[in-house]
Amino acid sequence: MNKQTLSFQAEVKQILHLVTHSLYSNKEIFLRELISNASDACDKLRFEALNNPALYEDAPPLEVRVSFDATARTITIHDNGIGMSMEEAIANLGTIAKSGTREFVAALEAQQKKDAQLIGQFGVGFYSGFIVADSIIVESRRAGLKADEGVRWSSKGDGDFEVEAIERIQRGTSVTLHLRADEEEFLTGWKLKSIIGKYSDHISLPILMQKEEWDAKANKQVLRDEWVAVNKAAALWTRSKNDITPEQYQEFYKQISYDSEAPLAYTHNRVEGRSEYTQLLYVPSKAPFDLWNRDKRGGVKLYVKRVFIMDDAEALMPVYLRFVKGVIDSADLPLNVSRELLQESRDVKAIREGSTKRVLGMLEALADSEDPAERAKYAAFWKDFGAVLKEGVGEDHANRERLAKLYRFASTHTDEGVSFTDYVGRMKQGQDAIYVIAANSLAAAKSSPQLEIFKKKGIEVLLLADRVDEWLLSHLYEFDGHPLQSVVKGAVDLGKLQDEDEKKQAEEATAAIKPLLERMKVTLKERAKDVRVTTRLVDSPACLVVEEGDMSSHLARMLKQAGQDAPQSQPILEINAAHPLIKRLDSTEHFDDLTHILFDQALLAEGGQLDDPAAYVRRVNSLLLT
Ligand code: ADP
Ligand code: MG
């Protein structure tokens, strides 16, 4: 009578459909996911019990039990963790779609060979049970609730699930899978043990299974009533490096990150000194789907003396290293530490600084390696994570130099992978500044008229086309004593790179067309701060620049797009006195039109938008008709 039938949330239905119809490879991961949930539930109990020891009730130490019944064709994963109330079971196992649900469906649909490995990555691991089961029964009681406040949840994995209140003496959760007809292979102790060994060895709780014995009379294996641990049950990071194989490091990474690919690099250290802690940190090889969400908390789990305290402890890593995954286990922090406390703790600050250095060290080792394969790894890392790492210059002053060395750019010489160090090594005799240009796209940067003189003289310019590059330029002013100079700001001062002849020519040209410049200024008085002759142009008649110290037009446009106020400063129109169009200006009857057109075209060339496109068209047409 108290049985209720409820419908799965729409996106959960989609997942179930995919899971039951198209996941064929790595089916065995269902066990990893369910054990991982059991272990999370025990971690949660341990954590809540710090403030409320009564939650332990009088039950034995935390553990996970895995059992099977070959006749009934069931596998059960049992834990004595936090458990679920009826409301929690309804919400967590059916009606609340996790934030990653839609991404999971999209990622899976995009895959040719649909791989079950993906499932945990998106926080929907529970449903992996339906890969091998045609029905699942969950029985649970939340720690602290009364025995008659248990819940039974069951579903066949189609559109809906049932819940009913039950009496349940033990706290915690049992998940029972009824295996599909063709999934017998999972119904042996040997098979289950080998899957646990492969995926769950490092789980720090004991995972128990019943001992099996050969019964000669019955001529088969029989289960005894004796439970033994089938995993090592020692948290991986507490073990000595020498006892851990690369495969174990990788498997641990996959478990905590839900990434199906091996990590790019990892570092495992015990740090002693003012603050004592163990760190095991990984750099993933591919960007996660939510890398761009700066609000997403970091990927590092905090433990205190082996007790799990919290996931995603953002205070342990700077935001720009939010892609780092791993575990930090502190010997000094109090067990009841809260997120607020973490923000202020000096121990945490020391841990964050130490861990940041380790991560940068890992990246440097790849970037500077003698081994081309390692350097290629860094290049791949940079492609996925470079833009995030660039946020670091503004965020982490102490490591600005180290970060700058890790940055890679495109340039007028090479399409990718140019470091500041490479650039400085190639600077021309007499060159002092590092020249850069920022634009919306690489193509736009490359064809900027402002680059013409640099190309002609063979001077390299770094091409910055990432959205964060303007931010980078507003925080990084120099590298190794060389100022970063935007080629769209201020007058071109090529200093010693320009010979006396060229300088003289420019001065003479300016003097000769002084009256013309004055007329143009009048025409453009609403639009340009100044009109002047430049030496930076070779083939183009004109370009726009901003005054040194003004915000670049590219940045102003980006801020506007983002809905922010950008200080409106007028640009300067620079003209190429030798260009035929400029020469024509002197004699044309359409002086105003041509002057506006030169301005408009310069604006278009740098990716800007015309305020009055119709006026531009009208002017061009009137000139076409002359
Ligand atoms: P995730 O583990 O990433 O949160 P899952 O799909 O694996 O996603 O699990 C969904 C939710 O169901 C969990 O967050 C948890 O709240 C609940 N849950 C699953 N298994 C258990 C369990 N054994 N004990 C308590 N709660 C559980
Ligand atoms: Mg899970």
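Worth pointing out:
- Region 456-476, residues that are part of a loop (DSSP other than H, G, I, E, B) and either modelled with pLDDT of 90 or more or among the aliphatic types (A, V, I, L, M) (or both): GLY458, ILE459, GLU460, VAL461, ALA465, VAL468, HIS475, LEU476
- Within region 325-341, considering residues that are buried (at least 22 other Cβ atoms within 10 Å of the Cβ) and of a type in the set (A, V, I, L, M, F, W, C), the one nearest to the chain's Cα centre (by Cα): VAL327
- When GLU261, GLU212 are screened for being surrounded by fewer than 20 Cβ atoms within 10 Å (Cβ to Cβ) and closer than 30 Å to LEU366 by Cα, only GLU261 passes.
- Only one entry of SER448, SER411 meets the criterion of being within 30 Å of GLU574 (Cβ to Cβ) and modelled with pLDDT of 95 or more, and that entry is SER411.
- Under the condition of being within 22 Å of THR535 (Cβ to Cβ) and touching a residue at least 60 places away in the same chain (Cβ under 8 Å), the residues counted in region 550-573 number 3.
- Whenever a residue of region 412-426 is surrounded by fewer than 15 Cβ atoms within 10 Å (Cβ to Cβ), its partners that are small (Gly, Ala, Ser), lying with C-beta atoms within less than 6 angstrom and at least six residues away or across chains, give the pairs GLU416/ALA410.
- Criterion (within 12 Å of ligand 1 (Cβ to nearest atom), of a type outside the set (Gly, Ala, Ser) and modelled with pLDDT under 95) met by exactly one of ILE82, ILE77, ILE96: ILE96
- Considering only residues in region 137-158 that are within 18 Å of THR20 (Cβ to Cβ) and touching a Ser or Thr at 6+ places or on another chain (Cβ under 6 Å), the one that is surrounded by the most Cβ atoms within 10 Å (Cβ to Cβ) turns out to be GLY157.
- Test: LEU6 is over 30 Å from the mean Cα position of the chain (by Cα) and within 16 Å of ligand 1 (Cβ to nearest atom): yes
- Residue match in region 578-601 (condition: surrounded by 20 or more Cβ atoms within 10 Å (Cβ to Cβ) and part of a loop (DSSP other than H, G, I, E, B)): no
- Selected residue (criterion: surrounded by the fewest Cβ atoms within 10 Å (Cβ to Cβ)) from residues of region 525-577 that are assigned to a loop (DSSP other than H, G, I, E, B) and among the β-branched types (Val, Ile, Thr): VAL538
- For TRP190, the conditions (1) under 16 Å from SER67 (Cβ atoms); (2) loosely packed, with under 14 Cβ neighbours inside 10 Å; (3) over 41 Å from the mean Cα position of the chain (by Cα) are fulfilled apart from (3).
- In region 302-316, the residues that are without any contact (Cβ under 8 Å) to a residue 40 or more places away in the chain, within 15 Å of GLN279 (Cβ to Cβ) and not in a strand (DSSP E or B): LYS305, ALA313, ALA315, LEU316
- Residue in region 171-191 that is nearest to ALA143 (Cα to Cα), counting only those that are in contact with a strand residue (DSSP E or B) (Cβ under 7 Å, 6 or more places away or on another chain) and assigned to a loop (DSSP other than H, G, I, E, B): ARG171
- Tallying residues that are of a type in the set (D, E, K, R), assigned to a helix (DSSP H, G or I) and closer than 15 Å to LEU366 by Cα within region 396-422 yields 2.
- Take the conditions (1) touching a Ser or Thr at 6+ places or on another chain (Cβ under 9 Å); (2) closer than 19 Å to GLY150 by Cα; VAL12 misses just one of them, which is (2).
- Checking each residue in region 196-222 for being more than 21 Å from LEU62 (Cα to Cα) and in contact (Cβ under 8 Å) with a residue 40 or more places away in the chain picks out only LYS198.
- Meets criteria (more than 16 Å from ligand 2 (Cβ to nearest atom) and surrounded by fewer than 18 Cβ atoms within 10 Å (Cβ to Cβ)) for PHE47: yes
- Members of region 342-368 that are under 24 Å from the mean Cα position of the chain (by Cα) and hydroxyl-bearing (Ser, Thr, Tyr): SER355, THR356
- Considering SER25, SER36, SER67, the condition of being within 16 Å of ligand 1 (Cβ to nearest atom), surrounded by fewer than 21 Cβ atoms within 10 Å (Cβ to Cβ), under 17 Å from VAL132 (Cβ atoms) and not acidic (Asp, Glu) is satisfied by SER67 alone.
- Which listed residue is within 16 Å of ligand 2 (Cβ to nearest atom), modelled with pLDDT under 95 and not acidic (Asp, Glu), from GLY172, GLY125, GLY197: GLY125
The values are calculated or read from the model by the stated rules, or taken from the named source; none is laboratory data. Keep in mind that what you see is a predicted model, and the values were worked out from it rather than measured. Reconstructed Cβ throughout: ideal geometry from the backbone, glycine too, with neighbour counts over all protein chains shown.
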